[in-house]
């Protein structure tokens with residue numbers, strides 16, 4: 001009897017301790033989260049203050065939601081052109097890179113190489129691209145673009161963006177194909193299915209989840225890309241979103257309100273995009289890094 | 001699959017990727033290395049100067065500053081991201097109700113355009129109108145306010161390292177979490193029964209089993225540092241007087257703002273070589289995993 005009582009007491013104590021531990025951990029996690037998202041909230045708050053207030057009384061909360069900054073930015077910043085350019089470049093580049101890397105990854109994973117080593121070499125050759133600092137490519141790509149008479153056109157960015165995504169797409173696609181059983185494909189081949197039909201009607205539909213992940217990543221890359229755009233685009237009519245943002249940093253260098261509002265305007269659609277595709281983004285990024 | 005593996009099919013499937021990748025990435029690297037041995041100002045023809053650019057690097061004060069700043073950023077970012085990313089992953093591994101929401105929120109910074117990240121932190125770190133110093137003054141700790149950016153000290157490098165940390169913490173923690181989730185619960189349960197405490201579990205079970213994940217994280221953090229450009233240009237533009245320059249921003253400035261492309265490419269080549277060493281580690285780990 002005494003023993004049972006003691007066990008019970010221990011048990012309750014244990015549960016209590018577990019609960020307290022959980023409460024502490026929960027509080028720690030909430031604090032970490034708040035610290036992490038605070039900078040984003042701060043700029044949103046600042047964006048409702050006038051430039052003078054931001055400079056003279058940065059720590060006082062805005063008394064009312066002043067929309068002057070936003071109105072000004074919408075007047076100066078031609079958002080529709082920025083989004084249109086980014087969308088055109090993104091559409092063609094992402095389509096192109098997904099099609100070509102789908103093809104190359106499928107053959108790297110499935111087709112029978114005469115020289116087995118060659119397959120590994122090619123795979124590694126593509127993977128090296130993951131870690132190359134883009135800085136070293138900017139000037140050579142600029143020279144290449146000029147020599148091909150593409151400078152200032154959409155193609156000047158479509159091609160390097162496609163190239164930059166090849167490494168990442170290869171990592172994800174090859175990883176997916178390697179994990180995926182090939183029986184359905186074999187059956188289709190026995191039924192006399194050619195390579196093109198095999199890819200378009202059998203493999204591509206099965207690879208939908210990984211194609212979505214790759215798609216979202218490539219879109220995000222182009223949406224955020226600044227270094228290449230800054231070197232290859234000089235005409236404001238062809239500016240992409242990050243270029244527009246940098247341009248307004250220059251323009252608003254003394255106008256903090258405008259600078260902050262323009263940043264918030266760039267940031268919010270990205271947050272919505274992330275909110276919708278969060279599963280794919282988090283999954284794809286870690287799969288790319290961990291799975292191989 | 002065997003009879004579809006004809007040379008013609010190989011060509012169709014592989015040539016587009018190989019061609020675009022080779023032309024834009026691989027050949028470009030060699031072109032950059034070639035230019036690093038020349039003097040080229042943007043017009044006319046480049047002039048071969050041999051190792052002159054590299055010799056100049058050794059005596060260029062700003063290059064040394066950029067190199068040391070990059071070193072500071074690397075070390076600080078590496079230590080903070082590996083240690084705190086790992087701890088955060090363990091926190092997210094606990095069965096807490098709100099962990100899903102928190103994980104999603106902590107992950108946000110990596111998604112936002114770096115060009116915007118620079119602006120956001122400008123209004124946190126600026127010595128006069130930034131949040132931190134005003135907050136410190138507000139709570140009476142004004143003595144601790146510092147010139148986090150824009151002064152003649154090397155605090156800016158630490159600030160940039162912190163921003164890099166902030167941007168990548170959620171990402172790195174998620175990678176660690178994926179690794180931790182792959183360790184079977186049974187191992188922990190067995191350890192738990194034996195009355196082993198959390199710390200011992202970490203040292204003897206979790207960390208040894210995460211060896212590959214840790215290597216990947218290190219490589220991602222290191223090679224990621226060599227991709228940072230916009231955050232610095234927006235935050236300090238390398239200033240004042242090149243004091244907050246990193247290898248990447250200095251190479252960019254020398255090439256595209258000063259127009260000394262040959263010299264700029266020699267800085268880029270050095271950056272590339274450092275990064276390449278880590279890339280080879282990465283490829284090595286990925287290949288081991290594939291088998």
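The values are calculated or read from the model by the stated rules, or taken from the named source; none is laboratory data. Here the structure is a predicted model, which means the values were calculated and not measured. Note that each Cβ is placed from the backbone with ideal geometry, even for glycine, and that neighbours are counted across all protein chains shown.
Of the conditions (1) over 17 Å from residue A:227 (Cβ atoms); (2) within 8 Å of chain B (Cβ to nearest Cβ); (3) assigned to a helix (DSSP H, G or I), residue A:118 satisfies every one except a single condition; which number is it?
(2)
Among the residues of the range B:129-149, is any more than 21 Å from residue B:69 (Cβ to Cβ), at pLDDT 90 or above, facing chain A (nearest Cβ under 7 Å) and not in a helix (DSSP H, G or I)?
no
Out of the residues in the range A:121-131 that are facing chain B (nearest Cβ under 7 Å) and without any contact (Cβ under 8 Å) to a residue 24 or more places away in the chain, state the one that is surrounded by the most Cβ atoms within 10 Å (Cβ to Cβ).
Within the range A:121-131, the match that is surrounded by the most Cβ atoms within 10 Å (Cβ to Cβ) is A:131.
Residue B:87 versus (1) under 23 Å from the mean Cα position of the chain (by Cα); (2) touching a residue at least 40 places away in the same chain (Cβ under 8 Å): which is the lone unmet condition?
Here residue B:87 meets the rest and fails (2).
Mind checking which residues of the range B:1-18 are modelled with pLDDT of 90 or more and over 28 Å from the mean Cα position of the chain (by Cα)?
Scanning the range B:1-18 gives B:13, B:14, B:15, B:16.
Which numbered condition trips up residue A:196, out of (1) over 24 Å from the mean Cα position of the chain (by Cα); (2) touching a residue at least 12 places away in the same chain (Cβ under 8 Å); (3) surrounded by fewer than 16 Cβ atoms within 10 Å (Cβ to Cβ); (4) within 25 Å of residue A:120 (Cα to Cα)?
If we test residue A:196 against (1) over 24 Å from the mean Cα position of the chain (by Cα); (2) touching a residue at least 12 places away in the same chain (Cβ under 8 Å); (3) surrounded by fewer than 16 Cβ atoms within 10 Å (Cβ to Cβ); (4) within 25 Å of residue A:120 (Cα to Cα), just (2) comes out false.
Of all residues in the range A:113-143, which are over 26 Å from the mean Cα position of the chain (by Cα) and farther than 21 Å from residue B:7 by Cα?
Result: A:143, single match.
Within the bounds of the range A:65-84, is there any residue that is outside any helix (DSSP H, G or I) and either facing another protein chain (nearest Cβ under 10 Å) or on the phi > 0 side of the Ramachandran plot (or both)?
No.
Might you let me know whether the range B:247-258 holds any residue that is assigned to a loop (DSSP other than H, G, I, E, B), surrounded by fewer than 23 Cβ atoms within 10 Å (Cβ to Cβ) and more than 16 Å from the chain's Cα centre (by Cα)?
Yes, there is a match, as at least one residue in the range B:247-258 is assigned to a loop (DSSP other than H, G, I, E, B), surrounded by fewer than 23 Cβ atoms within 10 Å (Cβ to Cβ) and more than 16 Å from the chain's Cα centre (by Cα).
If residue B:70 meets every condition in (1) at the interface with chain A (Cβ under 9 Å from one of its Cβ atoms); (2) modelled with pLDDT of 95 or more; (3) in contact with a helix residue (DSSP H, G or I) (Cβ under 6 Å, 6 or more places away or on another chain) apart from one, which number is that one?
Among (1) at the interface with chain A (Cβ under 9 Å from one of its Cβ atoms); (2) modelled with pLDDT of 95 or more; (3) in contact with a helix residue (DSSP H, G or I) (Cβ under 6 Å, 6 or more places away or on another chain), residue B:70 violates only (1).
I'd like to check something: does the range A:201-224 contain any residue that is in the same structural domain as residue A:110 (by TED's automatic domain parsing), on the phi > 0 side of the Ramachandran plot and at pLDDT 90 or above?
no
For the range B:181-204, indicate whether the set of residues that are in a helix (DSSP H, G or I), within 12 Å of another protein chain (Cβ to nearest Cβ) and in contact (Cβ under 8 Å) with a residue 40 or more places away in the chain is non-empty.
yes
In the range A:166-193, how many residues are more than 10 Å from every other protein chain (Cβ to nearest Cβ) and crowded, with 20+ Cβ neighbours inside 10 Å?
Residues that pass the stated criteria total 5.
Here is a yes/no grid of residues against (1) in the same structural domain as residue A:257 (by TED's automatic domain parsing); (2) without any contact (Cβ under 8 Å) to a residue 60 or more places away in the chain; (3) surrounded by 15 or more Cβ atoms within 10 Å (Cβ to Cβ):
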{"position": "A:36", "(1), (2), (3)": "no, yes, yes"}
{"position": "A:39", "(1), (2), (3)": "no, yes, yes"}
{"position": "A:59", "(1), (2), (3)": "no, yes, no"}
{"position": "A:63", "(1), (2), (3)": "no, yes, no"}
{"position": "A:93", "(1), (2), (3)": "yes, no, yes"}
{"position": "A:98", "(1), (2), (3)": "yes, no, yes"}
{"position": "A:105", "(1), (2), (3)": "yes, no, yes"}
{"position": "A:109", "(1), (2), (3)": "yes, no, yes"}
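Whether any residue in the range A:145-164 is surrounded by fewer than 22 Cβ atoms within 10 Å (Cβ to Cβ), in contact with a helix residue (DSSP H, G or I) (Cβ under 9 Å, 6 or more places away or on another chain), part of a helix (DSSP H, G or I) and more than 11 Å from chain B (Cβ to nearest Cβ) is what I want to check.
So far as the range A:145-164 goes, yes, one or more of its residues are surrounded by fewer than 22 Cβ atoms within 10 Å (Cβ to Cβ), in contact with a helix residue (DSSP H, G or I) (Cβ under 9 Å, 6 or more places away or on another chain), part of a helix (DSSP H, G or I) and more than 11 Å from chain B (Cβ to nearest Cβ).
Only one of these conditions is not met by residue A:55: (1) outside any helix (DSSP H, G or I); (2) not assigned by TED's automatic domain parsing to the domain that holds residue A:222. Which number is it?
All conditions are met except number (1).
Restricting attention to the range B:237-246, which residues are within 12 Å of another protein chain (Cβ to nearest Cβ) and either touching a helix residue (DSSP H, G or I) at 6+ places or on another chain (Cβ under 7 Å) or part of a helix (DSSP H, G or I) (or both)?
Matches in the range B:237-246: B:246 only.
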